1. Working carefully through the options V67, V92, find the one that is without any contact (Cβ under 8 Å) to a residue 24 or more places away in the chain and in contact with a helix residue (DSSP H, G or I) (Cβ under 9 Å, 6 or more places away or on another chain).
2. Does L87 satisfy the condition of being touching a helix residue (DSSP H, G or I) at 6+ places or on another chain (Cβ under 7 Å) and either assigned to a helix (DSSP H, G or I) or among the hydrophobic types (A, V, I, L, M, F, W, C) (or both)?
3. Quickly run through segment 118-139 and pick out the residues that are part of a helix (DSSP H, G or I) and more than 17 Å from W24 (Cβ to Cβ).
4. Among (1) of a type in the set (S, T, Y); (2) in contact with a strand residue (DSSP E or B) (Cβ under 7 Å, 6 or more places away or on another chain); (3) free of Cβ contacts under 8 Å to residues at least 40 places away in the same chain, which single condition is T27 missing?
5. Taking interchain pairs and intrachain pairs at least six residues apart, which have beta carbon atoms under 9 angstrom, with the first residue in segment 96-117 and assigned to a loop (DSSP other than H, G, I, E, B) and the second open to solvent by 20 Å² or more (accessible area, probe 1.4 Å) and β-branched (V, I, T)?
6. Residues of segment 1-10 being under 21 Å from the mean Cα position of the chain (by Cα) and not in a loop (DSSP other than H, G, I, E, B), which ones?
7. Inspect all residues belonging to segment 108-123 and state whether any of them is in contact with a strand residue (DSSP E or B) (Cβ under 9 Å, 6 or more places away or on another chain), basic (K, R) and modelled with pLDDT of 90 or more.
8. Residues that are under 18 Å from L109 (Cβ atoms) and open to solvent by less than 60 Å² (accessible area, probe 1.4 Å): which strands (runs of 3 or more DSSP E) entirely in segment 11-81 hold 3 or more of them?
Amino acid sequence: MILLQNKITHYDLNKECDFLELSWFDTFKKILRTTTLKGLDVAIKMPGNKGLNHNDCLYDEDFLILVKIKPEKVLKIHIENEYNLALISYQVGNMHLNLFYKDHKLLTLEQNSIIRFLEKFNIKYEKCEEILEPKYMLDMPSFIQVDPNFKLIKE
């Protein structure tokens with residue numbers, strides 16, 4: 001068993017790679033015991049974990065262990081105006097679902113209740129599979145950091 005305790009920022013991609021395949025909600029766990037795709041038993045113990053992102057390196061000795069986040073079925077919601085943004089944010093938050101902001105679109109896990117809501121208010125969306133990374137998870141302070149030019153009020 002290998003104990004993984006931090007992210008490694010500088011590593012050699014020419015080494016052999018093994019992948020730790022995780023669901024997006026496992027990326028925030030501070031303590032996790034799992035196996036890599038090649039069957040290596042690993043334990044993750046990361047106090048203050050702010051989330052593991054796709055292709056984060058967790059081990060660099062004879063080989064690398066990289067994070068591979070499984071794609072999820074999501075709704076990719078098109079933001080047409082500030083009113084729709086507020087309406088979507090309120091409704092998704094009211095259902096205690098997570099919201100992600102990537103490529104000027106809102107993403108949330110596919111659920112029938114959200115689909116009914118979007119169709120009721122004629123909000124455009126598409127169903128797709130997407131990797132949900134913690135760095136795209138939306139809360140207002142991080143949203144402002146992701147896109148500092150985004151304005152809710154027209155000038």
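The values are calculated or read from the model by the stated rules, or taken from the named source; none is laboratory data. No experiment lies behind these values; they were computed from the predicted model shown. Note: ideal-geometry Cβ built from the backbone for every residue, glycine included; neighbour counts use all protein chains shown. Each accessible area value is taken on the protein alone, full model and side chains, heavy atoms only, with ligands, DNA and RNA left out. Shrake-Rupley method; radii C 1.70, N 1.55, O 1.52, S 1.80 Å.
1. It is V92.
2. no
3. Across segment 118-139, the qualifying residues are L118, E119, K120.
4. So T27 meets the others, but not (3).
5. H104/I79
6. Hits for segment 1-10 are L4, I8.
7. no
8. Of the strands (runs of 3 or more DSSP E) lying wholly inside segment 11-81, those with at least 3 residues that are under 18 Å from L109 (Cβ atoms) and open to solvent by less than 60 Å² (accessible area, probe 1.4 Å) span 72-78.
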